[in-house]
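See structure below.
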Amino acid sequence: MSAMEATWWLNEQLEAWLGEKNAADTLTQSVPHNVTSEMGLALLDVADVIRPHSDVVAFLQHVEDEGFLDELPKLAGGQEARDAIEAWLDQYGMRCVGEIDITRPRWSERPSTLVPMILGNIRNFEPGAGERRFEQGRQEAGKKEQELLERLRAMPDGEGKAEETKRMIDRVRTFIGYREYPKYGMISRYFVYKRALLEEAERLVQAHVLREREDIFYLSFQELHDVVRTNRVDDQLIGRRKDAFRSYQALTPPRVLTSDGEGIAGAYRRDDLPAGALVGLPVSAGTVEGRARVILDMAQADLEPGDILVTATTDPSWTPLFVAVAGLVTEVGGLMTHGAVIAREYGLPAVVGVADATRLILDGQRIRVHGTDGYVEILR
């Protein structure tokens, strides 16, 4: 929170003193100790290990099941590729899309999910891209810091303003990376819990109590406790809950849901936008034009450098895609959600909270993202 408050202070004071909007966006590029952004860069390093081995690259292009890691050592360079992927999974394999839901398959459980991203990194980047990208962001942040401090020193009482600003910049760069650790730790523990629960579920399957391990996902913890104790389960209850879950998946949740169950709709009050612009929240400064890639399933992503990712929402699992894009547009998010934090650290202009973005923006359209002012233009 100290880093978040310093971010807000910098944005507010530097706009008042210098007319500089969202200055903290550039100042937080390539901060140390951000476990989520490091995850995306580390997957670039995995691509560096695999890239020289043409047999491995060709093999990965046809992966269809989860046994591919066991097949890799049979190929020239395959053992090195497997070691690199497994080392990455050891550190980040507990993550996945929608990771707060303990039932979602983790990357360690379904490593084939990573293959398209690894192949994209091999295709789109040169060796050493991860280290170069981090260093470029660090230099841009340092250059911005010096520029702002020089402008402040030229003002009345400039030394005092510059000294206070420098202290806030140091605070942000020291601590903002830790914003990603609470969830990393939580998801790491969730995977331990999940494996323990599934081990118990496997025992129930072997005892012919459950039909399949994943049936426990449709029981409350107390109900599972009772099943383990009695070796009896209500199959009809599980069936009803599976049906209900399928029906819930077809629903579109409201933007805001009160504690009384009321769904609330709203609209932005903005009259300073070009005609036809899609309004949202500015969360990472800068302006970029590019091809919109509307992606709802990360496993289906086929991105090229310069593309702009348009999706409903992102969580830390989407970070490996961020290294390949030039900008970000999401329907849901805020200033301190994961997508916004990583977009700023990677230096990607980003607008979030754009209602119906994945419906109004067509895949392949050329768009312009105004990350400083918080809107998106559809160019053609």
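In bins 5 Å wide, starting from 0, what share of all Cα pairs of segment 234-380 does each bin hold, as a percent?
2, 10, 18, 21, 17, 12, 9, 5, 3, 2, 1, 0
Quick check: at a probe of 1.4 Å, how many percent of the accessible area of the chain sits on carbon and sulfur atoms? Numbers along the way, then the final one.
Values: 9740 of 19340 Å².
Result for the chain: 50 percent of the exposed heavy-atom area is carbon or sulfur.
Could you state the number of Å between the C-alpha centres of segment 220-291 and segment 69-125?
27
What shape does segment 41-109 take by its C-alpha gyration tensor, where a ≥ b ≥ c are the square roots of the eigenvalues and a/c under 1.5 counts as rounded, a/b above b/c as prolate, and the rest as oblate? Kindly include the intermediate steps, with their values, before the conclusion.
Values: a/c = 2.39, a/b = 1.72, b/c = 1.39.
The shape class here is prolate.
Can you list residues whose amide H is under 5 Å from Val352's amide H, if they're 5+ apart or on another chain and H is modeled 1.01 Å from N?
Placed amide hydrogens put Leu281, Val283, Thr330 under 5 Å from Val352.
Taking square-rooted eigenvalues a ≥ b ≥ c of the alpha carbon gyration tensor, is segment 140-208 rounded, prolate or oblate, where a/c under 1.5 means rounded and, failing that, a/b exceeding b/c means prolate?
Numbers: a/c = 10.33, a/b = 5.80, b/c = 1.78.
Prolate, since a/c reaches 1.5 and a/b exceeds b/c.
Tell me which of Val56, Phe191, Thr372 sits at the most positive position along the dipole axis of the chain, charges placed on C-beta atoms (Lys, Arg +1; Asp, Glu -1).
Ranked along the dipole, the leading option is Thr372.
Starting from the amide H of Asp307, placed 1.01 Å from N in the peptide plane, find each other amide H under 5 Å away whose residue is 5 or more places distant or on another chain.
When sequence neighbours closer than 5 places are left aside, the close amide H contacts are Ala326.
Please compute, over every Cα-Cα pair in segment 1-144, the percentage with a separation greater than 28 angstrom. If you can, show how the numbers build up before the last one.
On the way: 3666 of 10296 pairs.
When every Cα pair of segment 1-144 is considered, 36 percent fall beyond 28 Å.
In the chain, what % of DSSP beta bridges are antiparallel (nearest 5)?
Working: 16 of 26 bridges.
Given both bridge residues lie in the chain, the antiparallel proportion sits at roughly 60 percent.
So if I place +1 on the C-beta of Lys and Arg and -1 on the C-beta of Asp and Glu, and nothing else carries charge, what would the dipole magnitude of the chain be about its Cα centre? I want it in debye, nearest 20. Don't skip to the end; give the middle numbers.
On the way: 45 positive and 61 negative charges, 76 e Å.
In total the dipole reaches around 360 debye.
Label segment 177-274 by shape, choosing from rounded, prolate and oblate, from the square roots a ≥ b ≥ c of the eigenvalues of the Cα gyration tensor; if a/c is under 1.5 it is rounded, and otherwise prolate applies when a/b is larger than b/c, oblate when it is not. Each step should come with its number before you reach the end.
Details: a/c = 3.39, a/b = 1.78, b/c = 1.90.
Here segment 177-274 falls in the oblate category.
Compute the acute angle (0 to 90°) between the alpha-carbon long axis of helix 158-175 and the principal axis of greatest extent of the alpha-carbon atoms of the chain; round to the nearest 10°.
10
What residue among Gln222, Gln79, Gln136 has the largest mean-square fluctuation in a Gaussian network model of the chain, using Cα springs under 10 Å?
Ranking Gln222, Gln79, Gln136 by mean-square fluctuation puts Gln222 first.
log₁₀ I(q)/I(0) of the chain at q = 0.06, 0.08, 0.11 Å⁻¹, via Debye over equal Cα point scatterers, no solvent, to two decimals?
Values returned for q = 0.06, 0.08, 0.11 Å⁻¹ are -0.28, -0.50, -0.90.
Give the accessible area for Phe217 in Å² (nearest 10); use a 1.4 Å probe, count only protein heavy atoms, and leave out ligands, DNA and RNA.
Approximately 60 Å² for this residue.
Using +1 on the beta carbon of Lys and Arg, -1 on that of Asp and Glu, and nothing else charged, what's the dipole of segment 248-380 about the Cα centre, debye to 20? Don't jump to the answer; show the numbers that get you there.
Working: 10 positive and 16 negative charges, 46 e Å.
Its charge dipole is roughly 220 debye.
Give the residue from Ala326, Thr28, Leu281 lying farthest towards the positive end of the charge dipole for the chain; charges sit on Cβ (+1 for Lys and Arg, -1 for Asp and Glu) and the dipole is referred to the Cα centre.
About the Cα centre, the residue reaching furthest to the positive side is Leu281.
Show me 297-310, 149-162, 343-356, 366-379 ranked by packing, highest mean number of other Cβ atoms within 10 Å first.
Working: 297-310: 17.6, 149-162: 13.9, 343-356: 24.5, 366-379: 20.0.
Result, highest mean Cβ count within 10 Å first: 343-356, 366-379, 297-310, 149-162.
Under a straight-distance cross-link criterion of Cα-Cα below 30 Å, which lysines are reachable from Lys21, leaving out those fewer than 8 residues away in the same chain?
Lys143, Lys144, Lys161, Lys166, Lys183
For segment 212-331, what is the accessible area per residue in Å², given a 1.4 Å probe and the full set of protein chains? Before the final figure, lay out the partial values.
Values: 7030 Å² over 120 residues.
Spelled out: the 1.4 Å probe surface of segment 212-331, per residue, equals 59 Å².
With θ set to phi - 60° and the Karplus curve 6.51 cos²θ - 1.76 cosθ + 1.60, what are the ³J(HN,Hα) couplings of segment 62-69 in order, to the nearest whole Hz, using x for Gly and Pro?
Residue by residue, segment 62-69 yields 10, 5, 10, 9, 8, x, 5, 5 Hz.
Hey, what's segment 74-185 come to in accessible area per residue, 1.4 Å probe, Å²? Walk me through the intermediate numbers first.
Values: 5780 Å² over 112 residues.
With all protein chains present, segment 74-185 gives 52 Å² per residue.
The values are calculated or read from the model by the stated rules, or taken from the named source; none is laboratory data. None of the values given here were measured: they were computed from a predicted structure. All Cβ positions, glycine included, derive from the backbone under ideal geometry; neighbour counts span all protein chains shown. The accessibility values were calculated without ligands, DNA or RNA, using every heavy atom of the protein model including side chains. Shrake-Rupley method; radii C 1.70, N 1.55, O 1.52, S 1.80 Å.
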